Every structure is written in C-alpha cells, then in structure tokens.
There are 2 protein chains.
Amino acid sequence: MAECSIGVGLMGIGTIGGGVARVLTQKASKLADESGCSLVLKKVLEKDISKYGSQGIDANLFTSSFEDIIGDPSINIVVELIGGEYPAFDFIKKSIIAGKCVVTANKEVLAKHGFELLKLARENGVDLRYEASVGGGIPLIAPFLYDLVANNILAVKGILNGTTNYILTRMAQEGLDFNIALKQAQKLGYAEANPASDVDGIDAAYKLAILATIGFGTEVVFNDVYHEGISKLKSCDFIYAREFGYSIKLLAIAKLVDGKIEARVHPVFISQDALLAKVDGVFNAVNIEGDLVGKLILYGRGAGADPTSSAVVADLVNIAQNLANGVKHLPKMLLNNSYQIKPMVDIETRYYIRLNAADQHGVLAQISKVLGDNLISIASVMQKETDVSNKTAEIVIMTHPAREGALQKALKQMEDLKVVKSIGNYIRVED
Amino acid sequence: MAECSIGVGLMGIGTIGGGVARVLTQKASKLADESGCSLVLKKVLEKDISKYGSQGIDANLFTSSFEDIIGDPSINIVVELIGGEYPAFDFIKKSIIAGKCVVTANKEVLAKHGFELLKLARENGVDLRYEASVGGGIPLIAPFLYDLVANNILAVKGILNGTTNYILTRMAQEGLDFNIALKQAQKLGYAEANPASDVDGIDAAYKLAILATIGFGTEVVFNDVYHEGISKLKSCDFIYAREFGYSIKLLAIAKLVDGKIEARVHPVFISQDALLAKVDGVFNAVNIEGDLVGKLILYGRGAGADPTSSAVVADLVNIAQNLANGVKHLPKMLLNNSYQIKPMVDIETRYYIRLNAADQHGVLAQISKVLGDNLISIASVMQKETDVSNKTAEIVIMTHPAREGALQKALKQMEDLKVVKSIGNYIRVED
C-alpha cells in the first residue's frame, strides 16, 4: 500500500538495536500501514560487528563509519542506540545538523544535553524523539507533552530503574543481603557487570531529569538531581520498615514545594498501601500528580529489547507519518517556567534512623537531646536487638518532618556521642 | 505571545462542560503557550441555562440554538459534552460537515457510531478527538493510536467504571449489601439517580467497544460487547472470593483468543495479587498487553470535572496547535484487521458457582453429574453455611476452564434438580 519510503539509519546493534531491527523487519507491513510509508533500514553503524553478530540483518548494511550514516541522503531518520554520553551526543548533533530526524533512547545524553539538542533540532527543522529514554515501553514522554498539557504538574514520583527494584524486591521478600541479591540480578541479566549506574541511582537520576524538565517546563539536568543508591540497605531495614507499615523502594522524586523543584533519587520508606509499594521485580511505575488529572500511575516494563523497541519504533512511525504527509513536526521544548532547584539541605521530610548504641541508661536522653537541639522531633523510638556481649543495642527512630540540613548535622553530632557506636542507616519517608 | 486565535464552541455546560469552560478561562495563557494560539470560547450551547447557572461564563455567549454554533465562522473547534446518543450524534455529524474539528467525551456516540464519524471527519478534512470518552483523565486513546503502534495488542482489561468500582470496594471492605452501597454512592454523587448505565455494565461496555476498536484495528460496536452488571452480587460472594484468594471487580475484557475477539463486561474473580485487584474506590485502571511492550497498566481518575477536562482540553490544545501551524491532521482510523467477535457462548473460563441445595446425602453427586455431563470439571467444592431449619446448605463450586455455553446449560439443568433450591450466583474467573 505504502508507495513512499522512509530510510532509517541505525546506530548501535546491541540488545535494543537488535530488537528494533527485528521489529522493523518482522512488522514491516504493519508499520507501513500505520505510518503510510515503508520504513526501510538503510545502514547500521556498529564498530564491532563480531560482538553481537549480524542479528539477521543483511551484512551489506553494516558500516563502522558514522560518516556513512550522515552522508547517506536516503536516510531520513537516524536511530541512536549506542548509549553513553560520547560519541552518542556528537553523532546525534551531527545527524541533526545534517537535516536528519533523530530517535534516541539515550537518557544520559538527554539528561545532560537535552535542551541543546532540542533547540538544535528546532533550528534545523527536524524532529527529535526520545520516548524510550524513560520507562522503556511505558508511554511517559508523550503523555507529558500532549495528554497532560492542560495540567500544572505538581509531582512526579517513580520507580524508574528495574535493576534496583528487582534487587529491593528480593531483599524484601527473601531477606537477602544486598550483595547476594545483586549477584542474582547479574546472573539473570538484570544487572550489569559494573552495576554502579543502576545501584547508585545514576540511571534513575538521568530519567528524572528528563521527566522533571518536561513536567515542570524548567530545564533540570542530571547535576540538578540528588542521587543516592541502595547499597547501604541492610536486611534489618526491611524488617523495621515492615513493622512501621512501610516498604523500601528506590524512588525518583520531583516535586514543586514552595515554588521550587525538589529533584532527588534515594531509597524511601513508602506506605505498604501505596500502589508504588506494590510494584515488584523489574517493573517500573511512575506516579504523576497534576492539578486537573489528580493522581495518574503508569506501570510497565522499563527495560528490555522488546519494550524499548516498542517505544523506539513508535517514535519512528510517528516521524515517518509526518514526513509522509509533508508535515514539519518540530520537537516540543516549552520552558515556560523558571523554577529554582531546591538545594538538598532544604528539603523537609520524615526520617527513619537506625543506630547502634551502648546498651545503658541515659543513651536515649543523649540522642534525643541532639535531635531536639537540631529542631528534629521524634515520632517514635524502638529499641531493637540487643547484643549482650558487646553491650550494644540497635535503636530505631522515626522522626516528624525535619530539614535535611538539620538531620545531617544531627547525624554528625550523634556519631560524636560516646554512647553511639555507629549510624547504621537513615532513610527518608515519602508520603 | 500567541497572535492567532482559535474559536471554540462548547455544547453542554453540565459538570464537565463547566469544568472545561473554567480551564479555558483560568489557564488561557498557559494553553496559548502550549498550542501557540489563543483558545477563545465563542459560544456555549445550552437549552436550559437555569439548570446549571452560567458557571462564570459571559452570559452573552449562551445560545439555545445549535444553528448558532455551526453557523459561526469564528468557531474552529466544537466541543460536544452533551452526552447521550441524540442529539449529540447529529450535532457532531453536522459540525464535521460544516468543516469544524470536533472534541467529544461521548462514549455512547463513539461506541455506536464511531467508525461513521471518523470516516466523515476524514472525508471533510477535519480532526475528531475523543480522549475523554474512556478513562477520564487517563491517557488511553493516544497511547493506542501513537505510543503502542508497533505492538500487536493481545488484550485490554480494565476497570472502566468508577461508580461500580466504588460500590464494589464498599461491599468488599465493609460487607455492605449492594443496595446500601449504591445509595451511599448516590449520596456522594458517584452514582446517578438512575444508575442503570453504570451498574448494569453499559457504560463500561461503551468504553470497551472504543478501546477494542483501536486496539485490535477491527470495528467493535456496543452491540458486540456482552455486558452484565453487579446488582446480583451478595456480600457472601465477597467472603467466598476472599477465601479462594480473589477480589471481585467489574472488569471490561477484550482479548484475542484463537484469532477472535472476546469483548465482555461482567463481574470477575481476580487474584488478590493482581494490581487491578488493588484498584479501589472511584479509580479506573486499564491493563494493556502488547506483544512488545508486555503488560502495561494505566491508572487514574476515570471521571469528574477536572480529570475529564484535562483530557478534553488536551485534545483542544493539540488540534489548535495543528490549526495554528497549518497542519491538516486527520483522525486515525486504521481498521487493518478483520477479526470476528467470538459469541459469548464460545468463551472459555473458570467459574465460581454458588447455589442453595438440600442438606442431604447425594446432592453433590447429582450436581457433579450435571457438570460432568456438560464436560465441566470441578476444581473444588465447599459446603458453606447450613440452614438447619430449612434443611438447606450453601454450596460453592470452583470449576476448571469450561465453555460458557456448557456452563449455561449446566446451570439450567441444575436448577431443574429437585435438590437444588436456587442458583445463587455464578462469576467468571479472570486469570
């Protein structure tokens, strides 16, 4: 049916790239129906073809030179699935300047250079889409850009990293230690050999920067997002969380408070009744609050070849349809607000504190005094396991809302108390 | 900033219409930023202004004549929020023929005449959007039309009616009878004085027809959807459901089975662990299964002035943006499949059956024989409460998968058994 043809240049043929190539081939006829145009794979950029194999793609399409991609006039849309900041950023930039539309799943590039690239795309009259950069197959970018435009977005809270959610789920359900759960995630292919980007909250921070930017109409870059990982969590934290009625999740939180944006990724205590607390395994979910729509939750697979291909190919089809119809669609880039980013020390939240202290009279008085001196009031204290031989006890404190700066100061002062052996952990509570 | 102006004609100024008018006024500047064009309310059609009051709208804009709307050349987009089949259908049709784009929240018109209207809109070169017709503020139409285009949709299962979900939640949590829960819903404004459309599953069937059509690329109209309401449910059904590990929800189910579409709305037993089972109160949620994206759940407020306005105004903004940019966007209407609708008698599912029988030997044997004769095998049987004075007992049966036709025949035969006093209820199990 489709007589026109849109040329696609694919950069990167790893898990996601292979998935996209497969979908383009196997669903060629359906995609032509949807877009009104054939989507034809013209070239595939891959330095090391032996690394992934040809994935069933015609060997003649492969090239190891980026110049072959931007130099090919038959390529209308470049799909960047290399990942990482460089050379991906340069390749995207040069593709745009060469007048090609771009589809990317690159959260790092978007979180660091998104504004520059969107601006460049608009100047060059080409489209730039990045639905797959956040939440894999879950529609997240489009809802913000199109479906929720009538709303003032108040908050975005999400489980944006499947690897850490899988690890936390195993720790919560089976009492596993972090390192064991991590190893199992690696064994199953859910975590990489170097898991830092996932377990340190970096990956989620990239994604949050992207969502916060389009949600609040204010440029939020990776460096604006506080991030803290999950490696400090102990199995006892999960036990205590449950006793208080909470689950532990790595949450990416962006919200407007007093006219400033809070943007932070860290483990939280979240009520067991909250739907986000019930998101288990590698699934992602994002809770969006808008002044009109109220609470909206989008849940699905945040990673993997098929779900990510679903988003990448949708972007491709939607661009192809515009090209086929002669519609010049430019990426939306509405930075109509100029909220400040709230420094982490200024956020206010409740805290869970676990510490190891001498098992003797007057300890609680000293700890309470430090908290009180820093204007932190205690909601409840529990003395948990006592180590008789070491004469120490584990003390768990839940506070009322307090400033992060005050909490950090109090933690330092508590560490200096002779009766306090160590601060085991502290976790923010998200209501 | 926006120098161009798009004229809006609003038909119907009830709860939703009032909400839309409010958003257009209060957020005029934000909406102009988003669309690149001012959205100006030109006329409001309302027969009985005294019924709702002016809702803060300039009294001069009101008219009781539809001719004033289509006759006004300054109106580019007509928003239909009258509801019901007639005259809404005629008004939409005439607006399209008059060359006006249309935004509607009218699920009944879409479920009965959607194909005709979309075709007419395409022929007349105008856009027709209906995001608010299903799931209130939850983005549902756009995800199917744009974000999931690379997927073959396998199933759509949803809680699409907030009224019944509220009633079921009260029945489950507090053991209320249907009639009392309904009265409370009416008191709170969640149910209408005549609740038939909600409690009989009609409203959900309209919405399912719309989703099934765009999900499967096959025209599915209201009459294709089997619907059954919640009024037969008794509080004991909720107790037994819980004992078996299930919740009871009114589910709208459309799925491809053996190359045919099942489309049905009825109460189901759904595993307590399923996320849909945890959707309480007036919230809606839809579980979409695509071959690439896997399981996707979209959750939010399915009704109410603000959430519905969120969707209606988004449609308005997106049309306005196209008009402002000179882009002729036609509604997508891709009926590229021609699946048959599976007759209800041919569906296969597990069943819960509750019946009242004589409390005597041999009863179970007779019941089992009827089921066996109809090729229905029993997964478990429990004899529940015994009424000593009446010498009857309540018997609860869970079956293995069976054909609906066989089940209906077996129910009839069981009713004819002397030992069976009555069939209390039967509920399908959704896995």
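The values are calculated or read from the model by the stated rules, or taken from the named source; none is laboratory data. Values in this document were obtained by computation on a predicted structure and should not be read as measured data. All Cβ positions, glycine included, derive from the backbone under ideal geometry; neighbour counts span all protein chains shown. Accessible surface areas use protein heavy atoms only, side chains included; no ligands, DNA or RNA. Shrake-Rupley method; radii C 1.70, N 1.55, O 1.52, S 1.80 Å.
Applying the set (1) in contact (Cβ under 8 Å) with a residue 60 or more places away in the chain; (2) away from chain B (no Cβ under 14 Å); (3) surrounded by 24 or more Cβ atoms within 10 Å (Cβ to Cβ) to A:Val109 leaves exactly one unmet item: (1).
State all residues of the range B:70-90 that are more than 29 Å from the chain's Cα centre (by Cα) and under 13 Å from B:Val8 (Cβ atoms); if no residue qualifies, say none. Lay out the reasoning, then the answer.
Keep residues of the range B:70-90 that are more than 29 Å from the chain's Cα centre (by Cα), which gives B:70-76.
Scanning the range B:70-90 gives B:Asp72, B:Ser74, B:Ile75, B:Asn76.
A count restricted to the range A:3-23 and to residues that are surrounded by 15 or more Cβ atoms within 10 Å (Cβ to Cβ) and out of contact with any helix residue (DSSP H, G or I) (no Cβ under 7 Å at 6 or more places or on another chain) stands at 6. The set of residues in the range A:41-84 that are in contact with a Leu (Cβ under 9 Å, 6 or more places away or on another chain), of a type in the set (D, E, K, R) and part of a helix (DSSP H, G or I) contains only A:Asp68.
Of the residues A:Ala365, A:Ala303, the single one that is part of a helix (DSSP H, G or I), aliphatic (A, V, I, L, M) and more than 9 Å from every other protein chain (Cβ to nearest Cβ) is A:Ala365. Within the range A:145-158, residues that are among the small types (Gly, Ala, Ser) reach partners that are open to solvent by 20 Å² or more (accessible area, probe 1.4 Å) and part of a strand (DSSP E or B) with beta carbons closer than 8 Å, at six or more positions or on different chains, in the pairs A:Ala155/A:Lys255; A:Ala155/A:Leu256; A:Ala155/A:Glu289. Residue count for the range B:215-269, restricted to those that are in a loop (DSSP other than H, G, I, E, B) and over 16 Å from the mean Cα position of the chain (by Cα): 11.
Please determine whether any residue of the range A:373-393 is away from chain B (no Cβ under 11 Å), touching an Asp or Glu at 6+ places or on another chain (Cβ under 7 Å), part of a helix (DSSP H, G or I) and farther than 30 Å from B:Lys278 by Cα.
So in the range A:373-393, the residues away from chain B (no Cβ under 11 Å) come out as A:373-393.
Among the residues that remain, those that are also touching an Asp or Glu at 6+ places or on another chain (Cβ under 7 Å) are: A:384-386, A:391-393.
From what is left, the residues that are part of a helix (DSSP H, G or I) are none.
The answer is no, given that none of the residues of the range A:373-393 is away from chain B (no Cβ under 11 Å), touching an Asp or Glu at 6+ places or on another chain (Cβ under 7 Å), part of a helix (DSSP H, G or I) and farther than 30 Å from B:Lys278 by Cα.
Looking only at the range B:318-335, count every residue that is touching a helix residue (DSSP H, G or I) at 6+ places or on another chain (Cβ under 7 Å), open to solvent by less than 10 Å² (accessible area, probe 1.4 Å) and either under 22 Å from A:Ala285 (Cα atoms) or not in a loop (DSSP other than H, G, I, E, B) (or both) and tell me the total. Here the count works out to 1. Scan the range B:178-208 for residues that are aromatic (Phe, Trp, Tyr), over 19 Å from B:Ile248 (Cβ atoms) and assigned to a loop (DSSP other than H, G, I, E, B) and the total you get is 0. Check the range B:336-345 and report whether any residue there is part of a strand (DSSP E or B), open to solvent by 10 Å² or more (accessible area, probe 1.4 Å) and touching a Lys or Arg at 6+ places or on another chain (Cβ under 8 Å). Yes - at least one qualifying residue is present in the range B:336-345. Among residues that are touching a strand residue (DSSP E or B) at 6+ places or on another chain (Cβ under 9 Å), open to solvent by 20 Å² or more (accessible area, probe 1.4 Å) and either within 8 Å of chain B (Cβ to nearest Cβ) or more than 22 Å from B:Val286 (Cβ to Cβ) (or both), A:Asp315 is not included. Among the residues making up the range B:132-172, those that are in a helix (DSSP H, G or I) and either within 7 Å of chain A (Cβ to nearest Cβ) or in contact with a Cys (Cβ under 9 Å, 6 or more places away or on another chain) (or both) are B:Ala142, B:Pro143, B:Tyr146, B:Asp147.
Among residues of the range A:170-184 that are over 15 Å from A:Cys236 (Cβ atoms), none has a beta-carbon under 6 Å from a residue that is of a type in the set (S, T, N, Q) at least six positions away or on a different chain. Residue check: A:Gly189 meets all listed conditions (1) on the phi > 0 side of the Ramachandran plot; (2) buried (at least 24 other Cβ atoms within 10 Å of the Cβ) but one, namely (2).
The set of residues from the range A:274-286 being within 13 Å of the chain's Cα centre (by Cα) and either open to solvent by 10 Å² or more (accessible area, probe 1.4 Å) or more than 9 Å from chain B (Cβ to nearest Cβ) (or both) comprises A:Val282, A:Phe283, A:Asn284, A:Val286.
Against the conditions (1) more than 9 Å from chain B (Cβ to nearest Cβ); (2) within 30 Å of A:Val8 (Cα to Cα), A:His329 satisfies every one except (1).
Quickly run through the range A:1-29 and pick out the residues that are more than 31 Å from the chain's Cα centre (by Cα) and either at pLDDT below 95 or more than 25 Å from A:Asn106 (Cα to Cα) (or both). Correct list: A:Met1, A:Ala2, A:Glu3, A:Cys4, A:Ser5, A:Ser29. Checked against the criterion of being of a type in the set (Val, Ile, Thr), touching a strand residue (DSSP E or B) at 6+ places or on another chain (Cβ under 9 Å) and under 19 Å from A:Leu233 (Cβ atoms), the candidates A:Ile376, A:Ile397 yield just one match: A:Ile397.
Of all the listed residues (B:Leu233, B:Leu298, B:Leu292), the sole one being more than 9 Å from chain A (Cβ to nearest Cβ) and open to solvent by less than 30 Å² (accessible area, probe 1.4 Å) is B:Leu233. For the criterion of being within 14 Å of chain B (Cβ to nearest Cβ), surrounded by 24 or more Cβ atoms within 10 Å (Cβ to Cβ) and not hydrophobic (A, V, I, L, M, F, W, C), A:Gly114 fails.
Only one residue in B:Lys30, B:Lys42 is more than 18 Å from B:Ala305 (Cα to Cα), more than 10 Å from chain A (Cβ to nearest Cβ) and either of a type in the set (D, E, K, R) or touching a helix residue (DSSP H, G or I) at 6+ places or on another chain (Cβ under 7 Å) (or both). Which one?
Values: B:Lys30 fails: more than 10 Å from chain A (Cβ to nearest Cβ).
Unique residue meeting the criteria: B:Lys42.
The residues in the range A:25-40 that are open to solvent by 30 Å² or more (accessible area, probe 1.4 Å) and assigned to a strand (DSSP E or B) can be counted, and the count is 2.
Scanning the range A:385-413 for residues that are open to solvent by less than 50 Å² (accessible area, probe 1.4 Å), within 30 Å of A:Ala254 (Cα to Cα) and in contact (Cβ under 8 Å) with a residue 40 or more places away in the chain gives A:Val396, A:Ile397, A:Met398, A:Thr399, A:Ala402, A:Glu404, A:Gly405, A:Leu407, A:Ala410, A:Leu411. Being of a type outside the set (Phe, Trp, Tyr), facing chain A (nearest Cβ under 9 Å) and under 29 Å from B:Asp237 (Cβ atoms) is a property that does not hold for B:Ile270.
Scanning the range A:238-260 for residues that are open to solvent by 30 Å² or more (accessible area, probe 1.4 Å) and touching an Asp or Glu at 6+ places or on another chain (Cβ under 7 Å) gives a single hit, A:Lys255. Screening B:Asp359 on (1) open to solvent by 30 Å² or more (accessible area, probe 1.4 Å); (2) free of Cβ contacts under 8 Å to residues at least 40 places away in the same chain; (3) touching a Gly at 6+ places or on another chain (Cβ under 8 Å) shows it passes everything except condition (3).
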